[in-house]
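The next block holds one structure in the form of structure tokens; read it before the comments.
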Amino acid sequence: MSPSNLLAALTLVVLALLTWQLRWVLLVLFGAIVLAVALDVPVHQLIKRFRLPRQMALLLVLMVVLIGGLVVMQLLLPQLINQFDQLTTLLPSLIETVRSLLARQPLLADLERSLPDQFSWERIQPVGFQLLGVAGGAANGLLQVLLMSLLAILLALDPSPHRRMVIAATPRPARAEMDDLLNQCRTALGGWLAGMTLSASAMFLFTWAGLAALGVPLALLSALLCGLLTFVPTIGPTAATLLPLSLALLISPGLMLQVLVLRLVLQNLEAFVLTPLLLRRTVNLLPTVALTSQLCLGALLGLPGVLLALPLVVVLQVGMEQVVVKQIMDRWT
């Protein structure tokens with residue numbers, strides 16, 4: 001191996017190790033970019049329609065988000081707190097119901113006897129309070145979110161210098177392609193965020209209406225969880241369905257079956273009709289790609305990796321199409 005090749009290999013190894021050591025910084029930076037793009041979508045519309053300065057448009061968007069969040073919290077937060085208290089009250093009954101159902105089935109009787117004592121309410125309650133206490137010690141996570149939000153506002157306030165910096169770091173022959181690539185990544189990511197936000201809002205409202213019509217307890221809390229986890233396709237909606245199913249089981253197995261049918265209908269409506277319709281002009285990820293990316297980044301980075309897996313894959317998919325496919329594979333002779 002020549003000295004130049006050895007130096008290049010060592011440089012790549014050092015860069016890979018540095019990237020791994022700084023993975024949380026890079027994760028916060030990418031999360032800030034995602035939030036900045038989310039802010040830039042309405043800011044761009046205000047600038048385009050009303051010819052407002054970017055600073056004024058961003059201020060209006062932030063005010064609308066803040067006021068809207070406060071109004072929603074004022075309307076929904078008391079109900080959510082009340083329903084969360086009810087959930088802690090219903091958990092012992094749910095555990096006993098599951099035990100009794102398992103005991104009635106001969107094939108599952110051994111499973112019921114093998115359930116450890118840790119699943120008793122006396123054991124779960126202290127653990128639950130410990131988990132709630134973790135929120136008080138999660139100052140590092142809160143600091144990361146605040147830093148991410150601040151970076152997002154700074155990026156959305158004046159994105160041009162950051163864009164020029166990225167283009168300037170590109171070799172001169174490829175600067176036009178980099179400019180086009182940045183435009184396409186922004187369009188794809190902004191479209192994906194807008195489409196998923198509308199899809200999650202629709203799932204929240206439909207699930208809330210359906211569960212309330214069926215008389216399922218804690219319909220608002222369950223619907224909110226289903227709506228939020230829509231941002232984590234494949235894994236999220238399936239996991240969110242467990243809560244309304246469990247609560248419906250407290251009333252009757254028939255109601256649990258109705259809730260299962262409702263969630264299956266809504267999930268298929270969201271996956272095969274609503275999301276493709278909203279994302280038809282942007283990047284629509286394959287379910288296998290989405291699930292694989294969530295599993296990989298979840299294993300490497302935990303919950304933040306799962307949450308940011310799909311935005312990252314949206315950007316990477318655009319980069320693969322424009323750089324690897326068009327610039328390398330299509331020109332291969």
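Apart from one condition, LEU52 fits all of (1) in a helix (DSSP H, G or I); (2) without any contact (Cβ under 8 Å) to a residue 12 or more places away in the chain; the exception is (1).
Quick one: which of LEU12, LEU35, LEU22 is hydrophobic (A, V, I, L, M, F, W, C) and loosely packed, with under 11 Cβ neighbours inside 10 Å? Every option except LEU12 fails the conditions. Among the residues of segment 30-42, not a single one is of a type outside the set (Lys, Arg) and out of contact with any helix residue (DSSP H, G or I) (no Cβ under 7 Å at 6 or more places or on another chain). Might you let me know whether segment 254-269 holds any residue that is touching a helix residue (DSSP H, G or I) at 6+ places or on another chain (Cβ under 8 Å), surrounded by 18 or more Cβ atoms within 10 Å (Cβ to Cβ) and more than 26 Å from SER93 (Cα to Cα)? The answer is yes, given that some residue of segment 254-269 is touching a helix residue (DSSP H, G or I) at 6+ places or on another chain (Cβ under 8 Å), surrounded by 18 or more Cβ atoms within 10 Å (Cβ to Cβ) and more than 26 Å from SER93 (Cα to Cα).
Elements of the type helices (runs of 4 or more DSSP H) sitting completely within segment 247-329 and holding at least 3 residues that are at pLDDT 85 or above and either of a type in the set (Val, Ile, Thr) or in contact with a strand residue (DSSP E or B) (Cβ under 7 Å, 6 or more places away or on another chain) (or both): these cover 253-269, 303-319.
Only one entry of MET203, MET196 meets the criterion of being out of contact with any Asp or Glu (no Cβ under 9 Å at 6 or more places or on another chain), assigned to a helix (DSSP H, G or I) and aliphatic (A, V, I, L, M), and that entry is MET196.
Residues to consider are GLY227, GLY190, GLY195; find the one that is touching a residue at least 12 places away in the same chain (Cβ under 8 Å), touching a Phe, Trp or Tyr at 6+ places or on another chain (Cβ under 6 Å) and either surrounded by fewer than 16 Cβ atoms within 10 Å (Cβ to Cβ) or within 30 Å of PHE272 (Cα to Cα) (or both). So the residue among GLY227, GLY190, GLY195 that is touching a residue at least 12 places away in the same chain (Cβ under 8 Å), touching a Phe, Trp or Tyr at 6+ places or on another chain (Cβ under 6 Å) and either surrounded by fewer than 16 Cβ atoms within 10 Å (Cβ to Cβ) or within 30 Å of PHE272 (Cα to Cα) (or both) is GLY227. Screening the candidates LEU221, LEU154, LEU143, LEU150 for the property of being surrounded by fewer than 15 Cβ atoms within 10 Å (Cβ to Cβ), assigned to a helix (DSSP H, G or I), at pLDDT below 90 and not acidic (Asp, Glu) yields one hit, LEU143.
The values are calculated or read from the model by the stated rules, or taken from the named source; none is laboratory data. Treat the numbers as computed from the prediction; the structure is a model and nothing was measured. Neighbour counts are summed over all protein chains in view; Cβ atoms, including those assigned to glycine, are modelled from backbone coordinates with ideal geometry.
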